[in-house]
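The values are calculated or read from the model by the stated rules, or taken from the named source; none is laboratory data. Just so it is clear, the model here is predicted, and its values are computed rather than measured. Cβ coordinates were reconstructed from backbone atoms using ideal geometry, including for glycine residues, and neighbour counts include every protein chain displayed.
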Amino acid sequence: MMKGRLLLVEDDPALTDLLQWHFEREDFKVEHTPDGEEALLLATESPPDIILLDWMIEGISGLEVCRRLRRQPETANVPIIMLTGRGEETDRVRGLETGADDYVTKPFSPRELVARVKAVLRRVRPALAGEQLRFSDLEMDIVGHKVKRAGRTIPLGPTEFRLLRHFLEHPGRVFSRERLLDAVWGRDRDIEIRTVDVHIRRVRQAINLDGQPELIRTVRSAGYSLDDDAA
């Protein structure tokens, strides 16, 4: 089972090869760029599950890349681990204040970095911890193809199940209608964009039983997210 999609932003070829080898051995799908501008483009076009970001890279700095990623709705909640040769406390604080989730100082053990990435992903993406997805009082059994809210079984069609699963795998992240079409229906599809709204409505009707709080939030001019402050 693939552990997740990782974007590696690093301009040291030897370190890049080493990290790609270690993460691919652990079943991660690794995408790489040495350039800050390209990293922003790649992350925005198809947000990864996690980003490893070197502080000193070609083009704009890793710190500025992190700052810009945090400002964009598509990437605001993607976990970022910064890689750097800077070991001073003030530099670590700058990285964390800019929005990094963790900070690893070179030289480091690739095995330790893999372990840190897995730990971050377990916190932010429940699917990586097993076959059960949970958010608030909502539960999904991926293998059994069952959904429950507050212990009560919820019937969902195949498309609604895939749509809800996508939200449960990325809680808090905002997805545009176009990105949801790509993720749930696939790129090879001939479906109108408003189809997403129809299926979102069906999911909401199914999971909002007996006046329970709304969990899928509409983000104006951006899309939808799974959020327990959705109301």
Worksheet entry | Residue satisfying condition, being out of contact with any Phe, Trp or Tyr (no Cβ under 6 Å at 6 or more places or on another chain), loosely packed, with under 14 Cβ neighbours inside 10 Å and of a type in the set (Gly, Ala, Ser), within set ALA39, ALA43, ALA14 | ALA14
Practice prompt. Give the residue that is farthest from VAL219 (Cα to Cα), with candidates limited to residues of the range 49-78 that are part of a loop (DSSP other than H, G, I, E, B) and either small (Gly, Ala, Ser) or at pLDDT 90 or above (or both).
Written response: GLY59
Item to complete: Quick one: in the range 63-83, of everything that is in contact with a Ser or Thr (Cβ under 9 Å, 6 or more places away or on another chain) and among the charged types (D, E, K, R), which residue is farthest from GLY36 (Cα to Cα)?
Response: GLU74
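Return yes or no: is ARG92 within 26 Å of ARG111 (Cβ to Cβ), at pLDDT below 85 and assigned to a loop (DSSP other than H, G, I, E, B)?
Spelling it out, it is not the case that ARG92 is within 26 Å of ARG111 (Cβ to Cβ), at pLDDT below 85 and assigned to a loop (DSSP other than H, G, I, E, B).
Show me the strands (runs of 3 or more DSSP E) entirely contained within the range 143-231 in which 2 or more residues are within 22 Å of GLU45 (Cβ to Cβ).
Working: elements: 146-149, 152-154, 216-219, 223-226.
In the range 143-231, 223-226 are the strands (runs of 3 or more DSSP E) which contain 2 or more residues that are within 22 Å of GLU45 (Cβ to Cβ).
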